[in-house]
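Trainee: First, the structure itself, so that you have it in front of you.
Each value in this text was obtained by applying a stated rule to the coordinates, not by laboratory testing. For clarity, every value in this text was computed on a predicted model and none was experimentally measured.
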Amino acid sequence: MNKQSTNQERKPVKKERKRMATTLLSSCCCSIRYPQRQMHAKSHKRELTSDNYDNEKHHQQQQQQQQLNNYYGSRRWALSSGLCLASGLVFSSPEDVLAVVKQGPLAGRIPGLSEPDEQGWRTYRRPDDKSGGHGVGWSPIIPYLFKVPQGWEEVPVSIADLGGTEIDLRFANSQEGRLFVIVAPVLRFADLGGDATIEQIGPPEKVINAFGPEVIGENVEGKVLSMEVAEHSERTYYQFELEPPHVLITATAAGNRLYLFNVTANGLQWKRHYKDLKKIAGSFRVV
């Protein structure tokens, strides 16, 4: 009986030990599993932080791309606008196109040089549409032409030049010399109307004495080395050589204007290129 009682007392003890072991095991498991949950949470937090960084970086890339799209979009718009303008010029009437061209920075200065010939000389012809010759009593300037060697180029004309607004054109070559064309109204020098001729203005002596100072800025007395008269296409030309300064002058008249074509150079240029300078002066023609 004592043995049975002892067994009954041991059963509760075993149950209690078993319960305590289960509790301890559960506690150990919890203590073991809890750090794993913490580590998982921290890992998850790092992943979220990395995702946020990627999202932010992606957002920045999208903003940069949008800025580029806006920039190139504006460039494309400007280009398309330019193409529209160009296409408008292509399909507009010739009069409209010419009006637009004349408003450019080179208005009034249209190149008129030809390609070089076999000797390397080029012919300049005053363009019909070149500005000039406007005002009371003025009519469009009758075109003229002349020849220059390779290397001669047109240079800007200033109203501060010696000939003022009556200098229609300038050409130059820094190694050889320079030239300029004076186109003046005949009424300044003679009471002539219509299609005046150089003979009506006067003989060579009178012409050079009257107009020579317009070219060299001083009296020509004692400076005229030679005077010649030539005729081309039924138009008379007076040709003069002056020294000093070294100048070749070709004079003629057409319409209601007097034309003075002047070729000049310094002493060294005159000595080295006299033949070419003489050829330039002799090539002047009014069309």
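Trainee: 5 Å is the cut-off here: which amide hydrogens, built 1.01 Å from N in the peptide plane, fall below it relative to LEU169, excluding neighbours closer than 5 in sequence?
Mentor: VAL181
Trainee: A follow-up question, please. Pairs to check: LYS130/LYS223; LYS223/LYS278; LYS147/LYS223; LYS223/LYS279; LYS147/LYS271; LYS223/LYS271. Give those whose C-alpha atoms are more than 23 Å from each other in this structure.
Mentor: On the way: LYS130/LYS223 35 Å; LYS223/LYS278 17 Å; LYS147/LYS223 26 Å; LYS223/LYS279 21 Å; LYS147/LYS271 20 Å; LYS223/LYS271 18 Å.
Cα-Cα > 23 Å for LYS130/LYS223; LYS147/LYS223; rest within.
Trainee: Next up: Under 5 Å between amide H atoms, partner at least 5 residues away or on a different chain: which partners does HIS246 have, H built in plane at 1.01 Å?
Mentor: ALA265
Trainee: Could you go through the stretch 220-226 in sequence order and give the Karplus-derived ³J(HN,Hα) for each residue, using 6.51 cos²θ - 1.76 cosθ + 1.60 with θ = phi - 60°, rounded to whole Hz, and x for Gly and Pro?
Mentor: Rounded to whole hertz, the list is 9, 4, x, 10, 7, 8, 7.
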